Amino acid sequence: MRLSRGAPLPTPDPSTPWRLAEFCVLDVETTGLDLRRDEIIAYGVAIVTHARIPCGRVAYGLVRPSRPVSVPALAVHGLRTTDLADAPTMGDVVDELVDLVTVRVLVAHAAWVERAFLNRALRARGVRLGRTTLDTAALLRACRLADRDAGSEPNLEDAARRLGLPVHTPHHALGDAFTTAQLFLALATRLETPHARTRPLTLRHLYAISRHHRL
């Protein structure tokens with residue numbers, strides 16, 4: 001698919017009922033949390049299709065950064081700069097990320113982090129994410145399962161356990177992507193209940209809910 005430089009990646013029709021759409025649930029680990037300078041060092045993706053998570057449709061990869069992993073980041077994910085010495089660079093893997101996101105809805109927990117880092121990576125290919133990202137932290141607030149006045153994003157593992165969902169390898173990109181995918185399905189199912197008898201919950205509805213409840 002050929003896109004003009006600077007164009008957003010294509011996404012599904014917003015009128016699509018959410019159960020008929022495909023979602024790219026993404027988690028990244030980074031060298032740190034400076035959105036302008038730090039870099040992605042690991043990514044995990046779980047694809048959600050027809051409200052299911054096919055186990056075979058996942059992606060995971062390490063990325064060799066151009067800067068060292070910070071001590072605070074290392075304490076979270078445990079990935080050392082030496083662990084990444086033989087990994088491909090972002091330039092080598094960015095096309096895979098483009099393929100994973102294209103014509104799917106991006107989902108992430110506290111999605112501003114994934115959006116910022118992924119958009120920086122996509123810039124090298126002259127494309128960017130569209131505005132249609134779903135944030136499970138915002139959906140938790142919409143379901144009154146997280147406090148908007150807390151001033152911080154709800155913890156992913158705590159939210160999953162509260163809903164009786166398994167937690168898969170915390171602070172590992174693929175494990176967190178799986179946990180986020182399960183959380184997304186549980187929250188979308190809750191949000192569709194008021195609509196079920198009159199109209200389907202569409203992507204447009206979910207976008208609006210996510211935007212309204214983000215921090």
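The values are calculated or read from the model by the stated rules, or taken from the named source; none is laboratory data. Fair warning: this is a prediction, and the values are worked out from it, not measured in the lab. All Cβ positions, even for glycine, are placed from backbone atoms using ideal geometry, and neighbour counts span all protein chains on display.
List of remarks:
- Evaluation of residue 61 against the conditions (1) in a helix (DSSP H, G or I); (2) over 23 Å from residue 214 (Cβ atoms); (3) in contact with a strand residue (DSSP E or B) (Cβ under 7 Å, 6 or more places away or on another chain) shows that the sole unmet condition is (1).
- Whichever residue in the stretch 64-89 is in contact with a Pro (Cβ under 8 Å, 6 or more places away or on another chain) and part of a helix (DSSP H, G or I) and, among such residues, is surrounded by the fewest Cβ atoms within 10 Å (Cβ to Cβ): 81
- Test set (1) surrounded by fewer than 21 Cβ atoms within 10 Å (Cβ to Cβ); (2) among the hydrophobic types (A, V, I, L, M, F, W, C); (3) over 14 Å from residue 23 (Cβ atoms) - residue 103 fails condition number: (3)
- With respect to (1) under 26 Å from residue 155 (Cβ atoms); (2) among the acidic types (Asp, Glu); (3) free of Cβ contacts under 8 Å to residues at least 40 places away in the same chain, the lone exception for residue 135 is condition (3).
- Of all the numbered requirements in (1) in a loop (DSSP other than H, G, I, E, B); (2) within 20 Å of residue 132 (Cβ to Cβ); (3) over 15 Å from the mean Cα position of the chain (by Cα), residue 37 misses one, and that requirement is (2).
- Among all residues of the stretch 107-128, there is at least one that is within 24 Å of residue 179 (Cβ to Cβ), buried (at least 17 other Cβ atoms within 10 Å of the Cβ) and free of Cβ contacts under 8 Å to residues at least 24 places away in the same chain.
- For the residues 208, 159, 150, 181, the requirement of being surrounded by fewer than 21 Cβ atoms within 10 Å (Cβ to Cβ), at pLDDT 95 or above, of a type outside the set (Phe, Trp, Tyr) and over 26 Å from residue 37 (Cα atoms) singles out 208.
- Residue match in the stretch 53-70 (condition: under 20 Å from residue 133 (Cβ atoms) and in contact with a Gly (Cβ under 9 Å, 6 or more places away or on another chain)): yes
- Qualifying residues in the stretch 20-37 (those that are modelled with pLDDT under 95 and charged (D, E, K, R)) - the one surrounded by the fewest Cβ atoms within 10 Å (Cβ to Cβ): 36
- Meets criteria (under 20 Å from the mean Cα position of the chain (by Cα), under 23 Å from residue 37 (Cβ atoms) and either part of a loop (DSSP other than H, G, I, E, B) or among the small types (Gly, Ala, Ser) (or both)) for residue 131: no
- Residue 77 passes every criterion in (1) over 23 Å from residue 101 (Cα atoms); (2) at pLDDT below 95 apart from (2).
- Residues in the stretch 162-172 that are in contact (Cβ under 8 Å) with a residue 60 or more places away in the chain and either crowded, with 24+ Cβ neighbours inside 10 Å or polar (S, T, N, Q) (or both): none.
- Of all the criteria given as (1) over 17 Å from residue 51 (Cα atoms); (2) assigned to a helix (DSSP H, G or I), the one not satisfied by residue 185 is (1).
- Matching entry among 198, 193 (being of a type outside the set (Asp, Glu) and part of a loop (DSSP other than H, G, I, E, B)): 198
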